[in-house]
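Working notes for the structure below.
The values are calculated or read from the model by the stated rules, or taken from the named source; none is laboratory data. Just so it is clear, the structure is predicted and the values come from calculations on it, not from any experiment. Cβ coordinates were reconstructed from backbone atoms using ideal geometry, including for glycine residues, and neighbour counts include every protein chain displayed. Calculation scope for accessible area: heavy atoms of the full protein, side chains included, ligands and nucleic acids excluded. Shrake-Rupley method; radii C 1.70, N 1.55, O 1.52, S 1.80 Å.
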Amino acid sequence: MRYMTRVTRRIHQSADEHGFTFIEIMVVVAILAILAALVVPRIMGRTDDAKRTAAKVQIRNIEGALQLYKLDNGVYPSTEQGLKALIEKPSVGVVPKKWKVGGYLPNLPEDPWGNTYKYLSPSKKGDYEITCLGTDGEVGGEGINADITNWNLEKD
């Protein structure tokens, strides 16, 4: 019985001695802080790049729906009909006779900044123009504030 008591006592003593010291914990916290200081700025600057990429993808999806609309109806929706013509049969302007029941998109997406896409048809550059106003939500701008259109998707 005495032997069991000594063994038990040794187990409890060694379990109590295996904790982390305050200095060890502080060293780990300092290392994590240094890593965060190096990594976070790189990640934070990428948010606007990711949103610009998402806007470009959405514009390409809208372009695909516009192509299907034209295949069915022979024309693109007018500026007056807008992109809404891709989800609801237009009731203004030239009403399409072969409009696809269910529409060409499940819904009209907002741009990554919560704004609606601008649509112009015909435009100065071609049959139509789809524009996202970028980070600032205003016409024009440079850098992250620059507008994104279906005519400049390859830039950046």
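Details
- The alpha carbons of the stretch 93-139 give a radius of gyration and a Dmax of 13.6, 39 Å, in that order.
- Reachable aspartates and glutamates from Lys51, criterion Cα separation under 14 angstrom, eight or more residues apart if same chain: Glu110, Asp111, Asp136, Asp147, Asp156
- Approximating the spin labels as points 7 Å out from Cα along Cα→Cβ, the Leu35-to-Ser91 distance works out to 5.9 nm.
- Using distinct alpha-carbon pairs, which all enter the 1/r mean, Kirkwood radius of the stretch 64-156 in Å: 14.1 Å
- Straight-line cross-link reach from Lys100 at under 16 Å between alpha-carbon atoms covers these lysines, not counting any fewer than eight positions away in the same chain: Lys70, Lys84, Lys89.
- Coil-residue trypsin sites (Lys or Arg not before Pro) of the stretch 48-156, DSSP, other Cβ within 10 Å capped at 16: Lys97, Lys98, Lys100, Lys124, Lys125, Lys155
- Taking 7 Å steps out from each Cα toward its Cβ at Lys84 and Asn61 produces label points 2.1 nm apart.
- Here each label is just a point 7 Å from Cα along the line to Cβ, and for Thr47 and Thr116 those points are 2.7 nm apart.
- In the stretch 69-141, the portion of solvent-accessible area held by carbon and sulfur atoms comes to 53 percent [1.4 Å probe, whole percent, DNA, RNA and ligands not counted].
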